[in-house]
Amino acid sequence: MKLVEEKIKAEGKALDSQVLKVDSFMNHQVDPKFMKQIGDAFAKAFHGKRITKILTLESSGIAPAVMTGLVLGVPVLFGRKKTSLTLQNGLLSAEVYSFTKQESSTISVSAEYLQQTDVVLIIDDFLANGQAALGLLDICRQAGAEVAGIGAVIEKVFQDGGRKLREQGVMVESLAKITALEEGEVFFEEEVKA
Ligand code: 5GP
């Protein structure tokens with residue numbers, strides 16, 4: 001999607017060969033108008049899949065997930081990285097290693113909000129090594145819910161998350177595909193789906 005590429009070119013910063021900083025519109029400050037366009041794009045990409053729920057992970061997945069839920073007219077559930085007094089029983093959990101934080105955490109959702117009858121679209125900000133997406137897939141499987149696919153705003157195709165997920169037969173749609181990062185430079189795959 002040209003829009004995402006242009007946004008990254010204008011505001012993204014490659015910190016090194018592995019990490020892209022997009023704090024100005026997604027990971028710290030959020031650009032709502034841009035996010036609405038992301039929601040429109042995911043809704044179009046997964047049109048006709050009879051999605052009943054969006055599942056994401058706190059915190060950076062929430063903005064694109066909410067906009068997609070708004071367009072599709074379905075609720076948005078986000079996995080929490082810490083339990084709380086209100087989230088203790090009836091949990092579905094998975095272990096996720098965070099690429100950016102370089103630590104493992106247990107992500108949880110309440111079984112109350114994810115049912116066998118659900119058709120789930122998993123949304124996240126980045127797809128890198130696929131740990132977050134695999135954890136969310138695992139949670140959907142525990143619930144017995146069907147997974148319609150995974151939408152990532154930005155996929156770094158030089159890391160192998162996308163390959164692992166597609167090999168499992170999961171439909172993965174990424175709005176921008178990055179083939180390489182160099183300090184101060186971002187390289188995109190030629191043809192990216194609009
Ligand atoms: P994965 O689990 O696919 O390895 O990594 C996905 C998660 O790590 C995303 O939810 C995202 O928050 C974070 N992440 C991975 N790569 C990047 C990156 O290059 N930049 C930023 N800002 N976050 C990233």
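Numbers below:
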read-out	value
Residue check, A43 closer than 23 Å to A180 by Cβ and small (G, A, S)	no
Leading residue by the ranking (nearest to the ligand (Cβ to nearest atom)) among those in the stretch 44-56 that are open to solvent by 10 Å² or more (accessible area, probe 1.4 Å) and hydrophobic (A, V, I, L, M, F, W, C)	A45
Conditions (1) farther than 17 Å from L121 by Cβ; (2) modelled with pLDDT of 95 or more; (3) open to solvent by less than 30 Å² (accessible area, probe 1.4 Å): number failed by L87	(2)
Selected residue (only one of L136, L121, L114 is under 22 Å from V172 (Cβ atoms), of a type outside the set (S, T, Y) and near the ligand (Cβ under 10 Å from one of its atoms))	L136
Close pairs (9 angstrom Cβ cut-off, 6 or more residues apart or separate chains): free of Cβ contacts under 8 Å to residues at least 24 places away in the same chain and among the basic types (K, R) in the stretch 129-145, open to solvent by 10 Å² or more (accessible area, probe 1.4 Å) and more than 12 Å from the ligand (Cβ to nearest atom) anywhere	R141/V147
Residue that is surrounded by the fewest Cβ atoms within 10 Å (Cβ to Cβ) [pool: residues in the stretch 102-157 that are under 24 Å from R50 (Cα atoms) and among the polar types (S, T, N, Q)]	Q116
Looking only at the stretch 8-21, and only at residues there that are open to solvent by 40 Å² or more (accessible area, probe 1.4 Å) and part of a strand (DSSP E or B), the one that is farthest from the ligand (Cβ to nearest atom)	K13
Contacts under 8 angstrom Cβ, first residue in the stretch 3-24 being free of Cβ contacts under 8 Å to residues at least 12 places away in the same chain, partner open to solvent by 70 Å² or more (accessible area, probe 1.4 Å) and of a type outside the set (A, V, I, L, M, F, W, C), 6 or more apart	K21/K13; D23/Q29
Test: A180 is aliphatic (A, V, I, L, M), out of contact with any helix residue (DSSP H, G or I) (no Cβ under 9 Å at 6 or more places or on another chain) and at negative phi	yes
Strands (runs of 3 or more DSSP E) contained in the stretch 72-131 and holding at least 1 residues of a type in the set (S, T, Y)	91-98, 103-110
Selected residue (criterion: nearest to V153 (Cα to Cα)) from residues of the stretch 72-84 that are more than 16 Å from the ligand (Cβ to nearest atom) and buried (at least 17 other Cβ atoms within 10 Å of the Cβ)	L72
Selection within the stretch 22-34 - within 15 Å of the ligand (Cβ to nearest atom) and either among the hydrophobic types (A, V, I, L, M, F, W, C) or open to solvent by 80 Å² or more (accessible area, probe 1.4 Å) (or both)	V22, F25, M26, H28, Q29, V30
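Conditions (1) away from the ligand (no atom under 15 Å from the Cβ); (2) within 20 Å of I139 (Cα to Cα), marked per residue:
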| position | (1), (2) |
| --- | --- |
| E6 | yes, no |
| D40 | yes, no |
| L91 | yes, yes |
| E103 | no, yes |
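The values are calculated or read from the model by the stated rules, or taken from the named source; none is laboratory data. Owing to the predicted nature of the structure, the values given are computational and were not obtained by experimental measurement. Virtual Cβ from ideal backbone geometry, glycine too; neighbours counted across all protein chains shown. SASA here: full protein model, heavy atoms, side chains in, ligands and nucleic acids out. Shrake-Rupley method; radii C 1.70, N 1.55, O 1.52, S 1.80 Å.
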